[in-house]
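S.K.: Quick one: the structure is below, questions incoming.
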Amino acid sequence: MPRRYLYIWFRYLATDRLAKIRPELRGKPFLLYAPEHGRMVVRASSQNLLKDGISPGMVVADVRAILPSVEVFPADLAAEEKLLGALAEWSICYAPIVATDSPDGLILDISGCPHLWGGELPYLQSITARFRKGGYDVRAAIADTIGTAWAVARYGRNEMIIESGRQAAALFPLPPAALRLDSSTLQRMEKLGFRQIGQFIDIPRLNLRRRFGEAMLIRLEQALGAIPEPLKPVQPAPVYLERLPCMEPIRTATGIEIAMKRLLETLCERFFNEGKGMRTGIFKGYRIDGETVQVSVGTNRASRNAAHLFKLFELKIPEIEPALGIELFTLEATLVEDVSETQEALWSTANRDQAAISELVDNIAGKVGIQAIHRYLPLEHYWPESSVKEVISLEEQPETEWRTDRPRPIHLLSEPEPIEVMVVLPDYPPMHFRYKSELIRIVRADGPERIEQEWWLKSGPPRDYYRVEDESGARYWLFRLGLYGNRKPQWFLHGYFV
Amino acid sequence: MSELAEKKEIIRQLKEKILSLEGFNTGPDSRLLDFGLGPMNAAFPGGAFPVGAIHEFISPTETCAAAANGFLAGLLSTLMKKGGVCLWISARRKLFAPGLKFFGVEPHRVIFIDVRREKEALWVMEQGLKCNSLAAVVAELRDISFAESRRLQLAVETSKVTGFLHRQGSRMENTLACVSRWKIRPLASKTGELPGVGFPYLEVELVKIRNGRPGIWQFEWKNGGFKVLPDRTKAVVKPPVSQKQRHYA
């Protein structure tokens with residue numbers, strides 16, 4: 001049985017997209033531009049502008065001169081690409097194998113599908129009607145090969161369904177551009193007077209190859225079906241969603257717990273089979289009064305342990321307000337990551353501890369908030385406040401060693417506190433200092449350890465740090481900001497040593 | 001003679017049995033952990049620092065709190081020697097992570113939980129103490145009631161995690177269900193004739209210890225371990241009740 005392909009051409013994909021976002025533009029002349037060699041070039045123009053002779057490739061300034069009323073917008077190529085991908089995913093409801101044809105086409109392998117819609121014509125009508133209803137201007141064609149479907153969709157005049165084996169006849173009246181050739185080949189054909197494919201389709205291949213190269217022959221053979229053409233189908237992201245409808249509306253916390261447990265069990269079983277784990281999950285309840293209530297949890301690392309996930313959700317159950325009752329529960333894992341099993345086997349005991357700790361941390365994060373949890377790694381900076389960096393993951397290991405060559409206090413004040421000091425000589429440690437109206441006499445001192453501001457980050461005076469000990473044995477970390485000179489430098493208490 | 005030895009052996013076994021009934025870990029692994037406390041070990045029940053229990057530290061001032069955290073870090077370094085992670089819970093944390101490295105604790109193996117309210121700190125500590133994958137849990141608090149401390153003790157009894165309650169500036173020194181109560185004070189460091197500040201030098205007062213003997217010791221943290229200074233160690237505050245006096249005959 002021959003394969004059948006459907007090609008859908010979105011004639012005004014970029015402008016249709018903008019008109020959908022901004023409905024006030026519908027029916028108005030507007031265009032999208034993108035910079036090209038330092039000029040603003042029209043990339044797409046609305047349908048009514050094309051009638052005025054404004055087509056892609058023109059310079060925006062010229063268009064403004066012809067039509068001052070035209071509205072212009074910058075083109076968003078990434079968004080268009082994304083939209084095409086989304087349309088391809090939607091089209092899977094018509095055929096299992098769908099591929100995108102950048103920038104504005106979709107290829108559907110419809111072999112064995114149209115009879116479900118009662119034949120190819122109703123199938124084609126149905127799919128184009130659906131797209132038109134969605135606000136997209138489409139032309140679609142069905143043929144045995146992708147090449148012919150492409151050609152007919154873009155250049156065909158009347159017959160959009162090409163019967164099996166009649167590709168050559170269909171291509172006959174079409175221009176050479178319908179063969180997906182590059183512009184230099186097309187220019188050469190124009191020069192030779194080839195206006196229709198029919199004029200050269202019967203010329204011996206050897207002569208064609210000599211004049212136009214191998215690439216053109218491949219395109220021609222692909223359109224005729226002599227050479228197969230590969231397709232790269234889109235892979236829709238799997239949706240991890242479980243549903244649990246209830247016979248009677250649920251109103252109690254126990255009922256919600258049972259629903260949650262059941263959903264988690266089925267979802268975790270699926271995770272287990274696919275080697276995945278949940279990072280974020282949303283639990284939704286659809287109430288009978290039409291409202292939805294939802295709670296979400298996040299985990300520190302991908303988890304498929306139903307008991308652990310239940311513990312996280314359990315903390316949020318009081319937030320669910322059942323009102324008159326909940327008739328449908330859904331559980332969706334919005335962020336899913338791979339869980340490596342080999343790793344688990346290798347580090348069996350250590351990893352079990354690791355898993356237990358990350359479960360504990362998730363649990364704590366659920367109660368007091370993720371912003372309360374801190375873990376530090378060393379950074380190669382002398383400035384004490386910037387000598388550590390905060391990390392979120394529990395697995396990240398330090399790249400450098402923790403430094404021990406300089407004394408660092410066990411307590412560091414978040415903000416250095418100003419103190420009054422008595423100093424005998426500049427660069428000497430103080431004799432005594434007053435902190436919070438208490439006079440502290442210094443008996444022993446070490447220092448100074450000068451730490452300069454890191455000029456590439458911030459400018460300012462240096463700090464001279466002193467480790468001092470008072471009569472009772474308490475040890476402090478003091479510093480002087482700046483040097484003795486014109487202005488009197490300020491002293492600060494920054495920490496406590498053991 | 002052999003009869004006497006036999007009796008001693010029986011008494012030792014009975015003592016061990018009583019300790020285990022009272023919730024003290026007298027298994028072989030508790031003796032493996034040597035905290036380097038030297039002669040202080042005699043003050044502990046069973047002659048070893050009680051792990052798998054909750055210890056209470058009281059610091060009235062900021063400088064005492066720094067000293068107590070240093071002593072705690074020294075104990076943690078032994079607890080974390082075999083690997084593992086420590087939880088450090090605090091509502092007003094001043095601890096500077098790189099400062100832990102001096103006491104042999106890898107700062108990246110400590111997870112800091114900075115809670116907003118003390119009630120949350122207690123909840124987090126209880127959760128942490130229930131998780132037996134942790135090496136230790138430290139909580140810095142102001143006040144805690146007896147009932148709350150009993151919950152923590154119950155959590156520890158099943159998981160055998162060592163917990164440290166560090167009370168800073170607490171309004172009253174109420175009785176808690178902890179195995180011990182400590183007070184750490186900094187002492188002037190000993191440098192001899194040399195100028196500058198010496199090694200950290202602490203006075204460790206064991207105010208209360210269940211089934212042990214309270215006392216005061218002085219330690220120096222030197223070369224990555226505690227060093228006891230025996231000559232300065234004062235006598236035990238309360239004379240221990242000798243075996244003979246317990247017979248009320």
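The values are calculated or read from the model by the stated rules, or taken from the named source; none is laboratory data. What you see is a predicted model, and the numbers here were worked out from it, not measured in a lab. Please note: Cβ atoms are built from the backbone with ideal geometry, for glycine as well, and neighbour counts cover all protein chains shown.
S.K.: When the residues of region B:43-67 are filtered to those that are in a helix (DSSP H, G or I) and under 13 Å from B:SER180 (Cβ atoms), which remaining residue is farthest from the other protein chains (Cβ to nearest Cβ)?
M.R.: Among them, the one singled out is B:PRO45.
S.K.: Still on this structure: Being in contact with a strand residue (DSSP E or B) (Cβ under 6 Å, 6 or more places away or on another chain) and part of a loop (DSSP other than H, G, I, E, B) is the filter; apply it to region A:395-417 and report the residue that is surrounded by the most Cβ atoms within 10 Å (Cβ to Cβ).
M.R.: A:PRO409
S.K.: Look at A:THR330 and say whether it is under 13 Å from A:LEU267 (Cβ atoms), under 29 Å from the mean Cα position of the chain (by Cα) and at pLDDT 90 or above.
M.R.: The answer is yes for A:THR330.
S.K.: If you scan region A:194-219, which residues turn out to be more than 14 Å from A:LEU174 (Cα to Cα), assigned to a loop (DSSP other than H, G, I, E, B) and not aliphatic (A, V, I, L, M)?
M.R.: A:ASP202, A:PRO204, A:GLY213, listed by residue number.
S.K.: Mind checking which residues of region B:96-116 are of a type in the set (Val, Ile, Thr) and within 7 Å of another protein chain (Cβ to nearest Cβ)?
M.R.: Passing the criteria: B:ILE111, B:ILE113, B:VAL115.
S.K.: Which of the residues spanning region A:473-498 are away from chain B (no Cβ under 12 Å) and over 15 Å from A:LEU413 (Cα atoms)?
M.R.: A:ARG480, A:LEU481, A:GLY482, A:LEU483, A:TYR484, A:GLY485, A:ASN486, A:ARG487, A:LYS488, A:PRO489, A:GLN490
S.K.: Are any of the residues in region B:61-70 of a type outside the set (Val, Ile, Thr) and out of contact with any Lys or Arg (no Cβ under 9 Å at 6 or more places or on another chain)?
M.R.: Within region B:61-70 (the criterion being of a type outside the set (Val, Ile, Thr) and out of contact with any Lys or Arg (no Cβ under 9 Å at 6 or more places or on another chain)), the answer is yes, since at least one residue qualifies.
S.K.: Next question, about the same structure. Of the conditions (1) at pLDDT 90 or above; (2) of a type in the set (A, V, I, L, M, F, W, C); (3) in contact with an Asp or Glu (Cβ under 7 Å, 6 or more places away or on another chain), A:ALA141 clears all except one; give me its number.
M.R.: It fails just one condition, (3).
S.K.: Can you tell me which condition A:PRO430 does not meet? The list is (1) farther than 18 Å from B:PHE102 by Cα; (2) within 10 Å of chain B (Cβ to nearest Cβ), and all the others hold.
M.R.: (2)
S.K.: Which condition from (1) within 14 Å of chain B (Cβ to nearest Cβ); (2) more than 44 Å from the chain's Cα centre (by Cα) is the one that A:LEU412 breaks?
M.R.: Single failed check for A:LEU412: (2).
S.K.: Any residue that is in a loop (DSSP other than H, G, I, E, B) and either assigned by TED's automatic domain parsing to the domain that holds A:GLY165 or within 30 Å of A:ALA153 (Cα to Cα) (or both) - is there at least one of those in region A:262-278?
M.R.: no
S.K.: All but one of (1) surrounded by 23 or more Cβ atoms within 10 Å (Cβ to Cβ); (2) without any contact (Cβ under 8 Å) to a residue 12 or more places away in the chain hold for A:ALA141; which doesn't?
M.R.: (2)
S.K.: Being surrounded by fewer than 18 Cβ atoms within 10 Å (Cβ to Cβ) and either modelled with pLDDT of 65 or more or part of a strand (DSSP E or B) (or both) is the filter here; which residues of region B:226-249 pass it?
M.R.: B:LYS227, B:VAL228, B:LEU229
S.K.: Taking the conditions exactly as written (more than 31 Å from the chain's Cα centre (by Cα), over 22 Å from A:GLN354 (Cα atoms), part of a helix (DSSP H, G or I) and acidic (Asp, Glu)), does A:GLU257 satisfy them or not?
M.R.: Yes.
S.K.: Conditions first: (1) part of a helix (DSSP H, G or I); (2) of a type in the set (A, V, I, L, M, F, W, C); (3) within 18 Å of the chain's Cα centre (by Cα); (4) away from every other protein chain (no Cβ under 14 Å). B:MET125 passes all but one, so which condition is the exception?
M.R.: Condition not satisfied by B:MET125: (4).
S.K.: OK, next. Considering every residue within region B:75-93, establish whether at least one is surrounded by fewer than 22 Cβ atoms within 10 Å (Cβ to Cβ), within 11 Å of chain A (Cβ to nearest Cβ) and touching a Phe, Trp or Tyr at 6+ places or on another chain (Cβ under 8 Å).
M.R.: Yes, region B:75-93 contains a residue that is surrounded by fewer than 22 Cβ atoms within 10 Å (Cβ to Cβ), within 11 Å of chain A (Cβ to nearest Cβ) and touching a Phe, Trp or Tyr at 6+ places or on another chain (Cβ under 8 Å).
S.K.: Turning to a different aspect of this structure: Provide a single number: the residues in region A:272-293 that are touching a helix residue (DSSP H, G or I) at 6+ places or on another chain (Cβ under 9 Å) and surrounded by fewer than 17 Cβ atoms within 10 Å (Cβ to Cβ).
M.R.: 2
S.K.: Pull out all pairs, ordered by first then second residue, where Cβ-Cβ is under 7 Å, the residues are six or more apart or on different chains, the first lies in region B:90-118 and is within 20 Å of A:GLU395 (Cβ to Cβ) and part of a helix (DSSP H, G or I), and the second is modelled with pLDDT under 90 and among the small types (Gly, Ala, Ser).
M.R.: Sorted first by the residue in region B:90-118, then by its partner, the list stays empty.
S.K.: List, please: which pairs have Cβ atoms under 7 Å, are six or more places apart or on different chains, and start with a residue in region A:149-174 that is part of a loop (DSSP other than H, G, I, E, B) and end with one that is surrounded by 13 or more Cβ atoms within 10 Å (Cβ to Cβ) and of a type in the set (Ser, Thr, Tyr)?
M.R.: Between residues of region A:149-174 that are part of a loop (DSSP other than H, G, I, E, B) and residues that are surrounded by 13 or more Cβ atoms within 10 Å (Cβ to Cβ) and of a type in the set (Ser, Thr, Tyr), the close pairs are A:ILE162/A:THR148; A:LEU174/A:TYR155.
S.K.: OK, next. Give me the residue from region B:137-159 that is within 14 Å of chain A (Cβ to nearest Cβ) and surrounded by fewer than 23 Cβ atoms within 10 Å (Cβ to Cβ) and, out of that set, nearest to B:SER59 (Cα to Cα).
M.R.: B:ALA155
S.K.: Of the conditions (1) touching an Asp or Glu at 6+ places or on another chain (Cβ under 6 Å); (2) over 24 Å from A:ILE373 (Cβ atoms), B:SER133 fails just one. Which one is it?
M.R.: Of the numbered conditions (1) touching an Asp or Glu at 6+ places or on another chain (Cβ under 6 Å); (2) over 24 Å from A:ILE373 (Cβ atoms), the odd one out for B:SER133 is (2).
S.K.: Shifting gears a bit: Considering only residues that are under 15 Å from A:TYR382 (Cα atoms) and loosely packed, with under 14 Cβ neighbours inside 10 Å, look in region A:457-472 and name the one that is farthest from the other protein chains (Cβ to nearest Cβ).
M.R.: Only one residue tops the list, namely A:SER459.
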